[in-house]
1. Going by the conditions given, is Ala115 of a type outside the set (D, E, K, R), in the same structural domain as Ala286 (by TED's automatic domain parsing) and surrounded by fewer than 18 Cβ atoms within 10 Å (Cβ to Cβ)?
2. So for the range 190-203 (the condition being in contact (Cβ under 8 Å) with a residue 60 or more places away in the chain and either touching a Cys at 6+ places or on another chain (Cβ under 8 Å) or not assigned by TED's automatic domain parsing to the domain that holds Asp220 (or both)), does at least one residue qualify?
3. Considering only residues that are buried (at least 24 other Cβ atoms within 10 Å of the Cβ), within 14 Å of the ligand (Cβ to nearest atom) and not acidic (Asp, Glu), which ones fall in the range 53-74?
4. Among the residues of the range 143-155, is there at least one that is crowded, with 23+ Cβ neighbours inside 10 Å, within 18 Å of Gly206 (Cβ to Cβ), assigned by TED's automatic domain parsing to the domain that holds Ser204 and among the aliphatic types (A, V, I, L, M)?
5. Suppose we filter Lys363, Lys294 for residues that are under 18 Å from the mean Cα position of the chain (by Cα), surrounded by fewer than 21 Cβ atoms within 10 Å (Cβ to Cβ) and under 17 Å from Thr210 (Cα atoms); which single one remains?
6. Kindly list the number of the only condition in (1) within 16 Å of the ligand (Cβ to nearest atom); (2) without any contact (Cβ under 8 Å) to a residue 60 or more places away in the chain; (3) surrounded by 17 or more Cβ atoms within 10 Å (Cβ to Cβ) that fails for Glu218.
7. What helices (runs of 4 or more DSSP H) completely inside the range 215-315 contain at least 2 residues that are modelled with pLDDT of 95 or more and more than 21 Å from Leu336 (Cβ to Cβ)?
8. Step by step: first the residues of the range 316-330, then only those that are under 19 Å from Gly298 (Cβ atoms) and either among the aromatic types (Phe, Trp, Tyr) or not in a loop (DSSP other than H, G, I, E, B) (or both), then the one that is nearest to the ligand (Cβ to nearest atom). Which residue is that?
Amino acid sequence: MRIITADFVLPISSEPIPEGAIAIDRGNIAAIGDRSSILEEYPSAEIEDFGAAAILPGLVNCHSHLEVTAMRGALDDVEHDFRAWLLKLNGLRAAMTEAEIIEAARNGAIEGAQAGITCFGDIGRFGMAGVEALKSVGLRGVLFQETEFSPDDRSAVDDFYALRQKFEALRRSANDLVEIGLSPHSPYTVSARLFRLIADFARSEGVKITIHAAESDEEDALMRNGTGFFTEVYRKFGVEWKSPCASSISYLASTGILAANPLLVHCVSVTDADIKIIADNGASIAHCPKSNAKFGHGCAPLEAFLNAGIAVGLGSDSVASNNVCDLLEESRFAALAARNRRGRNGFISAREALEMATLGGAKAL
Ligand SMILES: [Zn+2]
């Protein structure tokens, strides 16, 4: 038996404990309480006192792309143009070897662990890199295998087959701490038919899903009116893509994917009706305020999510869109940005921000 103590213990799920202590038995928490009663209960335990510190649960980073850790700063020259940023990212990633991607993911996992993150919701195109990174650093997480650029209904069956092959291969290397999920990238890079196939598979097999959704006004205009943003990319690649004339969230609901309770990333350009759809479907949200701010995409209505009873966690996104993986800093930024948003409907406290970085993230993931 071992006891760790500090001036504060923050269980998050209950009130802070001044002069707190935690009794640990073979890696499991046996008891939490005030120092004097825990010491009395376990008189022969070895004691380690951290003094003027707070002991709290590990931080949960709900949204990352560890495999692009090597691109920190490499895309900053196009951060004002999100479409150019996405295309440049894909170009740079295509030029990386598997060994480089694996090393990048591992470096990202180490950076996260050093910042107190013990659990990741990580998206990977080359999923094995993230799985190996989490396993080698000893972290918990869900590795979501991402779809390739697949917006055309005509190739949906083949796209799904290829995705499923990758998923099954990854699942063989999962362990007690690392689970495998799927990430249909976004409403505009995945066809409706592929969304339906993934939704049926996820629901029948209980597979976790995450999707980038409602990230920007440009995406909203593309989905609602079929204008701007990705239209010339579709033309260039000869893709048949038709605007659903709906918001990203209501479109996703129409494909059936929301019934798989996905973790929706960003949700910046959402209406009250969208928020109700998210809540009614039991979907959760990965809030990434620094990534949104870096691109000038706006500030998601955080208090509205929480008021609607949606599980909300925080995500750093990749270091190419942050430029660090520091969830405590993310939580501070989340609170300050929410307080500073025009039309806000409430005041996010430090306590709520810390809860999102820990328990909220765990629920969302
Ligand atoms: Zn992302």
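1. So Ala115 passes the test.
2. No, the conditions are met nowhere in the range 190-203.
3. Listed by number, the residues that qualify are Asn61, Cys62, His63, Ser64, His65, Leu66, Val68, Thr69.
4. The answer is yes; a qualifying residue exists.
5. Lys363
6. (2)
7. Ranges flagged: 217-225, 248-255, 272-280.
8. By that ranking, first place goes to Ser321.
The values are calculated or read from the model by the stated rules, or taken from the named source; none is laboratory data. These figures come from a predicted structure and were not determined experimentally. Neighbour counts run over all protein chains shown; Cβ positions are idealised from the backbone, glycine included.
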